[in-house]
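Q: What follows is a structure written as structure tokens; I'll ask about it next.
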Amino acid sequence: MTSYLGITGHYIDPTSNGSAWELEEDIIGFKELSGSHSGINLAEYVVGVLTELGIEAKVCDELLILTFKYLRAPQLGWITTDNASNNDTMVAGIESLLREKGIEWDAATRHIRLVFYFAPNIMC
């Protein structure tokens, strides 16, 4: 059996339609998984994608998101997953890996669990 991890980024693009804000979504990562589906392996892949895109250090702050100029840059906000226990470990691993880079991101407040959802999403 082959397993995959897909990451979808959701963001608001204030420039796509003149002055109207448009909700956009893109597949920002898709990988065939090898080895264990442990949370730390998933976290390493997710942080790798964020680093590759240059958004791991751009963590959104609820106060700054209201300021128009901050909406133009991609920012890491919330992660949505299903309730599998390895996803809890994954978001804790993401928090730990980001902390090692000097980036504060709180897994407890930034992890949204959905009962019938199957792909991690990055909400910006």
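Please treat every number below as a calculation from the coordinates, not as lab data. Here the structure is a predicted model, which is why all the values come from computation and not from measurement. With ideal geometry, Cβ positions are generated from the backbone for all residues, glycine too; neighbour counts draw on all protein chains shown.
Q: Can you tell me the FRET efficiency between ASP106 and SER38 if r is taken as the Cβ-Cβ distance and R0 is 22 Å, rounded to the nearest 0.05?
A: Once rounded, the FRET efficiency stands at 0.55.
Q: Just to verify a number: FRET efficiency for GLU24 and ASN83, C-beta to C-beta distance, R0 = 30 Å, to 0.05?
A: Given R0 = 30 Å and the Cβ-Cβ separation, E is 0.65.
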